[in-house]
Structure formats: C-alpha cells, structure tokens
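Peer 1: Structure incoming, see below.
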Amino acid sequence: MRKLLSVLILSFFANVCFSQSLTSKADSLRKEGKLEQAIAVYKQEYFKNSNNKDNTYNLACAYALAYQIDSAYHYLNVALKEDSRLWALADSDLFSLTNDSRWNEIENNQLEKFQKKNGMLKEPNYAKELLRIIMKDQVLDYYVKQARKSYMKNGFIPQWYYPLGAFKQQIGKDNYKKMQSLIEKFGWPKYSTVGKLAADAPLLVINHNESDAVRVKYLPQIKQSCLEGEGSCMEFAKIQDRILVNENKLQLYGMQFRYTKKRTLEPFPIKDPEYVDKRRKEIGLEPLKDYLKRKINYNWTVKQKK
C-alpha cells in the first residue's frame, strides 16, 4: 500500500493541473484542509464584494467539498451566471453535486453558454461525457493531497488513506472501461470536435491506469494528436516519461518525480539533461526549470545546450 500511495500521490502532481491558484487566505485554508474556516473567510469576502466571481466560485467549491450541497448550489449559480467556460463541469471539487437533479441544469446551461460564445461543438454530448470522466478521475485528489501533506510532515501514511487509495484504483478501472466504450462509439476525441478541456480526458485515464501496456498501446495516438495540435503535448510528455521510468530507463522531458530521503520531490534521472529544454521546446513545453519550480518547488540548475 505504501507503493500505491506513492504512485497515486505522484500522479496527482503529474496530472493536467486543474486547480486554481491558492493566493488568498481562504484559498490557503482550503488547501490546508480547513474547510469550515475557509468558508467563513470566503463568505466574508463575498459580503464585501459579491462581484468577485472567483471568490464566489471558490466558496461554492468549499461548500461542495464539505458536502453542504444546497449552499454549494446557491453560490455556484451566482458564480456561473455570466461564466461561459466549461471548467465547472470537470472540476472535481464539485463532484458531490453531481448526484443531485440540479446538476443536469448546470451542465446544459454551461454547454449552451460555451457554444454561444465559442461556436458549436461537433460532438457536444461526447464532450459532456468526457468532462464527467475528468471530474471523476480527479475526485479524490483533494483528499490525496491532504494524505501527502500528512506523510511529508509525519513520515507515515495516515490510516484513513487506505480506503481512499483502494477507491481511487476502482475509479481508474471504471473510467478506463467508460473511456474505451466512448472511443469505440465516437472515435478518438480531438480539440476540434469536443474542445480542449474534454479532449484531455482519455489522457488522464490512460496515465492513471495501472498497466504500462495500456500507455504503450495508446502512446502513438497521443503523440500524433500532440504533433497535429489536436491533443495535449503536456500529457504526451507525462505518459512517455512514465513508460520510460517504469522500464527503469531515463526519462526525456522531466515530467515524473520521486521522493528523496528528506521526503521532498525531485525529477527522476533525465537522458542528456543538458538538452531537455530543446526536447521540451520541440513539443511546445516551457523550460524545465520553470515547470519544476512551479510544480514541486525544485531548483533545476543544469545548464542547457541548444
């Protein structure tokens, strides 16, 4: 189970980053797992400035994480009133709301507003299903992050993590079956057919699958979509590096991390590390120094060659 914890926690950092920046006091409290305190601060800000839609949205998320469903819906509807983005439909913070009959209205309204602003999606129903997969894939990440913090602080796995780890594995299996059936019905999703956010759903599911054979199977398609501008090159790099690391080979892009003896994170060894930025640039990724600092607060100092 310790190995499982490491894999799941590290995969949390390897994910497409769907979390919003945690800059305010309330955001910090939510990050620390202090949901009731975070809600109090978000509400204080809301009553001062109800036009701050980001704060209102985060208040709804905090209520949803605390399973206070009615309050979450109240503030979510306020936050989304003039918001035409699809992000809320994939945001795992809101997962507790999805078993409520009101969620269908949220989905339909956001899709309608998105298409009115950005043009009709070729496969809107496919997009909706894929967004649901993303949300489900990420649903336990808030709690996994709390487990990681506990491990980093105390040096042992908190006992409450074990059922979450097992549940996360089951979610991964269910999502993989669902993804296979959708691809068989609609074909491989592309940015041009379902939008950028929804098209990344299979990549998350594939990256989180227990079997490297699954990643190897889909890697050519993932790479092709990246090179054609129809899929995420970030996720391609993560999956490619994960395959290499699991085969005890040097990674190419610096996307996979491991724990040090001090329980901090560092990248697994990289092939020809002085050329890693050249490889990253070829597929549109930022310099590794910037990525590692932002993701794991790691200082990458290898001088790069062109």
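Peer 1: Kindly provide the set of residues from the stretch 183-194 that are crowded, with 17+ Cβ neighbours inside 10 Å, without any contact (Cβ under 8 Å) to a residue 60 or more places away in the chain and part of a helix (DSSP H, G or I), ordered by number.
Peer 2: Of everything in the stretch 183-194, just one residue is crowded, with 17+ Cβ neighbours inside 10 Å, without any contact (Cβ under 8 Å) to a residue 60 or more places away in the chain and part of a helix (DSSP H, G or I), namely Tyr191.
Peer 1: May I ask you to say which residue of Gly231, Gly254 is assigned to a loop (DSSP other than H, G, I, E, B) and closer than 30 Å to Gln110 by Cα?
Peer 2: Gly231
Peer 1: Further question: Return yes when Lys238 is basic (Lys, Arg), within 24 Å of Leu131 (Cα to Cα) and surrounded by 23 or more Cβ atoms within 10 Å (Cβ to Cβ) and no when it is not.
Peer 2: Answer is yes for this residue.
Peer 1: What pairs come up if the first residue lies in the stretch 81-105 and is over 17 Å from Asn58 (Cβ atoms), the second is surrounded by fewer than 18 Cβ atoms within 10 Å (Cβ to Cβ) and among the polar types (S, T, N, Q), and their beta carbons are under 8 Å apart, counting only those six or more places apart or on different chains?
Peer 2: Taking only residues 6 or more apart or on different chains, the pairs are Ser84/Asn118.
Peer 1: Looking at (1) in a helix (DSSP H, G or I); (2) free of Cβ contacts under 8 Å to residues at least 40 places away in the same chain, find the lone condition where Cys226 falls short.
Peer 2: Unmet for Cys226, out of (1) in a helix (DSSP H, G or I); (2) free of Cβ contacts under 8 Å to residues at least 40 places away in the same chain: (2).
Peer 1: So, one more: Within the stretch 66-117, restricting attention to residues that are touching a Ser or Thr at 6+ places or on another chain (Cβ under 6 Å) and in a helix (DSSP H, G or I), which residue is most open to solvent (accessible area, probe 1.4 Å)?
Peer 2: Checked the stretch 66-117; the qualifying residue most open to solvent (accessible area, probe 1.4 Å) is Lys117.
Peer 1: Are any of the residues in the stretch 120-138 under 25 Å from Thr264 (Cα atoms), open to solvent by less than 80 Å² (accessible area, probe 1.4 Å), touching a residue at least 12 places away in the same chain (Cβ under 8 Å) and not charged (D, E, K, R)?
Peer 2: Checking the stretch 120-138: at least one residue is under 25 Å from Thr264 (Cα atoms), open to solvent by less than 80 Å² (accessible area, probe 1.4 Å), touching a residue at least 12 places away in the same chain (Cβ under 8 Å) and not charged (D, E, K, R).
Rundown of residues vs (1) modelled with pLDDT of 95 or more; (2) of a type in the set (Phe, Trp, Tyr); (3) over 20 Å from the mean Cα position of the chain (by Cα), yes/no style:
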position	(1), (2), (3)
Phe12	no, yes, no
Gln20	no, no, no
Ala26	no, no, yes
Ser50	no, no, yes
Ser71	yes, no, yes
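Peer 1: Please enumerate the residues belonging to the stretch 260-300 that are open to solvent by less than 60 Å² (accessible area, probe 1.4 Å), more than 25 Å from Glu230 (Cα to Cα) and touching a helix residue (DSSP H, G or I) at 6+ places or on another chain (Cβ under 7 Å).
Peer 2: Residues satisfying the conditions are Leu265, Pro267, Phe268, Ile270, Ile296, Trp300.
Peer 1: Continuing with the same structure: Filter the stretch 210-231 down to the residues that are buried (at least 17 other Cβ atoms within 10 Å of the Cβ) and of a type outside the set (A, V, I, L, M, F, W, C), then identify the one that is nearest to Glu282 (Cα to Cα).
Peer 2: Lys223
Peer 1: When residues of the stretch 257-282 are filtered for being part of a helix (DSSP H, G or I) and either free of Cβ contacts under 8 Å to residues at least 40 places away in the same chain or more than 23 Å from the chain's Cα centre (by Cα) (or both), how many remain?
Peer 2: Selection size over the stretch 257-282: 9.
Peer 1: Okay, next question. Given the structure, is Ala198 of a type in the set (A, V, I, L, M, F, W, C), buried (at least 20 other Cβ atoms within 10 Å of the Cβ) and either in a helix (DSSP H, G or I) or in contact (Cβ under 8 Å) with a residue 40 or more places away in the chain (or both)?
Peer 2: Yes.
Peer 1: What about Lys303, is it surrounded by fewer than 18 Cβ atoms within 10 Å (Cβ to Cβ), assigned to a loop (DSSP other than H, G, I, E, B) and touching a residue at least 12 places away in the same chain (Cβ under 8 Å)?
Peer 2: yes
Peer 1: Another question, if that's okay. If Leu285 passes every condition in (1) of a type in the set (A, V, I, L, M, F, W, C); (2) within 30 Å of Gln170 (Cα to Cα); (3) part of a loop (DSSP other than H, G, I, E, B) but one, which one does it miss?
Peer 2: All conditions are met except number (2).
The values are calculated or read from the model by the stated rules, or taken from the named source; none is laboratory data. What you are looking at is a predicted structure, and each value in this text was computed from that prediction instead of being measured. Here Cβ is always computed from backbone atoms with ideal geometry, including for glycine, and neighbour counts include all displayed protein chains. Just the protein is used for accessible areas: all its heavy atoms, side chains included, with ligands, DNA and RNA removed. Shrake-Rupley method; radii C 1.70, N 1.55, O 1.52, S 1.80 Å.
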